[in-house]
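Only one structure is covered here, and it is reproduced in the block below.
The values are calculated or read from the model by the stated rules, or taken from the named source; none is laboratory data. Because the structure is predicted, anything quoted here is derived from the model rather than measured. Counting neighbours? That spans all protein chains shown, and the Cβs are built from the backbone with ideal geometry, glycine included.
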Amino acid sequence: MKLIAGLGNPGTSYALTRHNVGFRVVELLAGQRRIPINRYLLRALYGRGRLGPEEVLLVKPLTYMNRSGDAIAALLWHFGLGPGDLLVVYDDVALPLGRLRLRGRGSAGGHKGIASIIDRLGTEEFPRLRFGVGAPPPGMDLPDYVLSQFPPSEEEEVERILEKAGQAVELFVTQGMEAAMNRVNAPAPENFRDN
């Protein structure tokens, strides 16, 4: 079993913000695979189903971004899973809009949701899918930027990359980390978008 955790903040006011692309990827997969995310446990909403032959938990922590690790660590423990069974999907301002990057480990890179997970799991050794949202414009504070919505001019691109992020998650679950990294992290300029 794999636990796919999309990071974000609960509530309609946050739903379309840059910080909530993790939630949106998990919701997209849930809709495509008919896995309702309607169960509540340990401060998270989740759904249980399959991606290909593999059983998955699609998870949206309800602890707000900066405490994401509280819910994720508790769920891993509850279901008898380890950090290697986890894939975290989250926004990254260090990547340009539309760029995806899949890694098996790493530091938080300033992302407070990832820092919370590292703190609660006691390790940086867990898979993560970074979804590029671009850097804030000059003079704009980072918190204001990640809590702002994508402008209409970017939303079509966002929808397209959400789809590709969903494919990346499925590759991770069905083909394993190395095969998924080879596709998602390919050096081609389109970075997996049209593969």
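Here is a check on your reading of the model: is residue 28 of a type outside the set (Gly, Ala, Ser) and over 22 Å from residue 158 (Cα atoms)? Answer is no for this residue. Hey, does segment 154-167 have a residue that's of a type in the set (S, T, N, Q), in contact with an Asp or Glu (Cβ under 9 Å, 6 or more places away or on another chain) and crowded, with 17+ Cβ neighbours inside 10 Å? No, because not a single residue in segment 154-167 is of a type in the set (S, T, N, Q), in contact with an Asp or Glu (Cβ under 9 Å, 6 or more places away or on another chain) and crowded, with 17+ Cβ neighbours inside 10 Å. Checking each residue in segment 82-96 for being over 13 Å from residue 5 (Cα atoms) and either crowded, with 16+ Cβ neighbours inside 10 Å or among the basic types (Lys, Arg) (or both) picks out 92, 93, 95.
Yes/no per residue for (1) among the β-branched types (Val, Ile, Thr); (2) in contact with a Ser or Thr (Cβ under 7 Å, 6 or more places away or on another chain); (3) at pLDDT 90 or above; (4) assigned to a helix (DSSP H, G or I):
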residue: 158; (1), (2), (3), (4): yes, no, yes, yes
residue: 167; (1), (2), (3), (4): no, no, yes, yes
residue: 179; (1), (2), (3), (4): no, no, yes, yes
residue: 183; (1), (2), (3), (4): no, no, yes, yes
residue: 192; (1), (2), (3), (4): no, no, no, no
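Screening 18, 67, 99 for residues that are closer than 30 Å to residue 137 by Cα and at pLDDT below 95 leaves exactly one candidate, 99. Restricting 76, 129 to residues that are surrounded by 15 or more Cβ atoms within 10 Å (Cβ to Cβ), out of contact with any His (no Cβ under 6 Å at 6 or more places or on another chain) and not in a helix (DSSP H, G or I) narrows the list to 129.
Before we move on, is residue 116 outside any strand (DSSP E or B), at pLDDT 95 or above and not β-branched (Val, Ile, Thr)? Write out each step before concluding.
On the way: outside any strand (DSSP E or B): yes; at pLDDT 95 or above: yes; not β-branched (Val, Ile, Thr): yes.
Considered against the rule, which asks whether it is outside any strand (DSSP E or B), at pLDDT 95 or above and not β-branched (Val, Ile, Thr), residue 116 comes out as yes.
Given (1) in a helix (DSSP H, G or I); (2) over 22 Å from residue 52 (Cβ atoms); (3) in contact with a Leu (Cβ under 8 Å, 6 or more places away or on another chain), where does residue 162 come up short, assuming only one miss? Tallying (1) in a helix (DSSP H, G or I); (2) over 22 Å from residue 52 (Cβ atoms); (3) in contact with a Leu (Cβ under 8 Å, 6 or more places away or on another chain), residue 162 fails exactly one: (2).
Let's see how each residue does on (1) out of contact with any Ser or Thr (no Cβ under 6 Å at 6 or more places or on another chain); (2) under 20 Å from residue 161 (Cβ atoms); (3) not hydroxyl-bearing (Ser, Thr, Tyr):
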site	(1), (2), (3)
100	yes, yes, yes
116	no, no, no
121	yes, no, yes
133	yes, yes, yes
139	yes, no, yes
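Filtering segment 1-28 to residues that are surrounded by fewer than 24 Cβ atoms within 10 Å (Cβ to Cβ) and touching a His at 6+ places or on another chain (Cβ under 8 Å) leaves only 9.
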